[in-house]
Structure formats: structure tokens, C-alpha cells
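The values are calculated or read from the model by the stated rules, or taken from the named source; none is laboratory data. These numbers were taken from a predicted model, which means no experiment stands behind them. For neighbour counting, all protein chains shown are included, and Cβ atoms are generated from backbone atoms with ideal geometry for every residue, glycine included. Quick note on the areas: whole protein, heavy atoms, side chains included, nothing else; ligands and nucleic acids left out. Shrake-Rupley method; radii C 1.70, N 1.55, O 1.52, S 1.80 Å.
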Amino acid sequence: MKTKLLLLEDDLTLNETIVEYFEDEGYEVTSVYDGEDALCSIYENSFDLLLLDVNVPKLNGFEVLKQIRKEGNETPAIYITSLNSMDSLEEGYDSGCDDYIRKPFALKELLIRIQTIIKREFQAKDDLIKIGENITFDSIANELLCDGEVVKLNFKELKLLKFFLQNPNELLVHDRIYDYVWEYDEEYSDNSLRTYIKNLRKVLGKERIVSLKKLGYRFNQE
């Protein structure tokens with residue numbers, strides 16, 4: 001499963017360069033050019049890490065991160081900026097960033113910093129996530145276990161389950177689910193989604209995944 005990055009960078013050339021480099025490295029990158037579009041993307045999608053330039057149109061990178069942190073979004077974030085004063089560095093970390101890299105920078109260095117943060121986040125999470133009394137999810141092996149036995153899931157059912165576990169007790173609108181479970185060049189299917197939900201409910205119970213009519217689904221975590 002690809003690591004999903006959001007890139008906020010208003011320099012067209014640098015934006016394209018970063019996107020091309022990280023897609024070649026196997027990442028999925030969503031790029032935007034102003035702070036308001038960054039907020040919209042963050043609200044509509046689930047990312048593993050945010051790459052934020054600071055001096056961008058409409059809403060600067062500091063304000064974007066301050067706003068989502070205030071709302072409880074703890075997605076790791078790295079500032080990529082030409083601001084090099086100590087005051088800017090201090091403001092960056094005060095706003096809730098995980099790292100701060102000054103332009104110009106080597107793409108390889110940015111890659112290493114991203115890998116370090118993602119690895120740290122991964123290790124910080126529990127290997128076994130308890131879903132029910134006898135149901136767990138092994139986040140290392142990517143396996144759903146019921147009474148210690150592996151439950152067979154197809155690839156998209158597995159992605160859907162992980163998305164639910166990443167966003168417990170939260171309304172997930174249909175579009176967010178489609179964007180996460182289906183690749184950008186795939187055509188999503190309402191019928192397929194209902195089938196995946198039905199199959200997960202057979203194991204987890206109907207009360208675990210609640211359908212909110214015409215809105216989406218909510219995964220009820222104990």
C-alpha cells in the first residue's frame with residue numbers, strides 16, 4: 001500500500017519535480033498550490049505525511065498546520081521553506097511540525113527525513129489493534145484475526161478496514177472512501193463498496209460499521 005503525501009508548494013517547477021521524484025520512489029502524491037486547497041485536501045482525504053511550503057497564496061503553511069492541529073489532526077508534517085531565520089524555525093515547530101527543511105535541499109535528504117518520520121509513526125502504533133473481544137488486526141502483517149485465525153480479505157477490503165481503523169468513530173463520506181480504497185486511475189463502484197462492507201460486517205458485526213444514509217459510514221471503535 002502506497003504512502004500518501006500531500007504537497008503544498010506554489011513554485012510550479014519545484015512542485016512538479018518533487019511529485020515526479022516521490023512518485024518514482026513509490027509514493028502517492030497529491031499536490032496543491034495554495035493554503036486553502038491544502039485544507040480542502042486534508043479534510044477530504046487521509047494522508048500519511050504533509051509537505052508544506054510556508055509562503056504560499058491565500059493561507060500560509062504555518063496557518064494551515066495550526067488550524068488542523070487545533071482540530072485534532074496529528075498527521076506528521078514537514079515544512080519545506082526558504083525562510084531561514086531562527087524566529088521562523090521556532091514558529092514552525094510551535095505550530096506543530098515534525099521537521100523543518102530549508103530550501104534549497106536535496107530530494108534525497110527530504111526522502112530520508114520522510115522515511116524516518118513514517119518509520120517512527122509506524123513503530124509508535126500498537127502492532128495488534130483490538131477490534132472486539134476476539135477480533136484483532138495485526139498492523140505489521142496486515143492481517144485480520146478472529147480467535148487467532150487469519151480472516152481472508154481481498155486487497156480492497158483490507159484497505160477499507162485499515163481506513164476505518166485509522167479514523168475510528170468518524171463519519172467517512174463516500175468520496176473519502178473512494179479516494180482511499182481505489183487508485184486514482186480506477187473507476188470506483190458503489191456496488192463493490194457495499195459488498196466490501198457486507199463482508200467486513202460478517203466478521204466484525206453489523207453494529208461495528210454503521211451506514212449513514214446518503215452520507216457515508218462510521219466505524220464504531222470500542
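In whole percent, what relative contact order does the range 55-155 give with Cα contacts below 8 Å and a gap of six or more residues? Can you show the working numbers first?
Working: 93 pairs, mean separation 15.9, N = 101.
16 percent.
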Item to check | Highest to lowest packing among 53-60, 157-164, scored as the average C-beta count within 10 Å | outcome: 157-164, 53-60
Checklist outcome for this item: Counting lysine pairs in the range 26-154 that sit 8 or more positions apart or on different chains, with Cα atoms under 25 Å apart, gives 13
Next on the checklist: When only alpha-carbon atoms are used, what values of Rg and Dmax, in angstrom, describe the range 18-61?
Outcome noted: 10.9, 31
Checklist entry - Over what distance in Å are the Cα centres of the range 1-73 and the range 155-222 separated? => result 24 Å
Checklist outcome for this item: Hits for the chain under the membrane-span-like helix rule (DSSP H, Cα axial span at least 30 Å, Kyte-Doolittle mean at least 0.0) are none
Checklist entry - In the chain, carbon and sulfur make up what percent of the accessible area (probe 1.4 Å)? => result 46 percent
Item to check | Length released on extending from LEU165 to LYS108, taking residue separation times 0.36 nm less the Cα-Cα span | outcome: 17.4 nm
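Probe of 1.4 angstrom, ligands and nucleic acids ignored: what's the accessible area per residue over the range 4-125, in square angstrom? Spell out each step's value before the answer.
Numbers: 6090 Å² over 122 residues.
I get 50 Å² per residue for the range 4-125.
Once you keep just the Cα pairs under 8 angstrom separated by 6 or more residues, what percentage relative contact order results for the chain? All intermediate terms of the calculation are to be shown ahead of the outcome.
Numbers: 311 pairs, mean separation 29.2, N = 222.
Relative contact order, the chain: 13 percent.
Using alpha-carbon pairs under 8 Å, 6+ residues apart, how would you state the relative contact order of the range 128-219 in percent? Numbers along the way, then the final one.
Numbers: 94 pairs, mean separation 24.5, N = 92.
Averaging sequence separation for qualifying contacts and normalising by length gives 27 percent for the range 128-219.
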Item to check | Rule-of-thumb Rg ratio for the chain [Cα; 2.2 N^0.38 Å; N residues] | outcome: 1.09
Checklist outcome for this item: the range 128-219 accessible area per residue, 1.4 Å probe, protein heavy atoms, integer Å², reads 58 Å²
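Rg/Rh for the range 4-125: what does it come to with C-alpha atoms and Rh from Kirkwood?
Numbers: Rg = 13.1 Å, Rh = 14.3 Å.
On the Cα set of the range 4-125, Rg over Rh gives 0.92.
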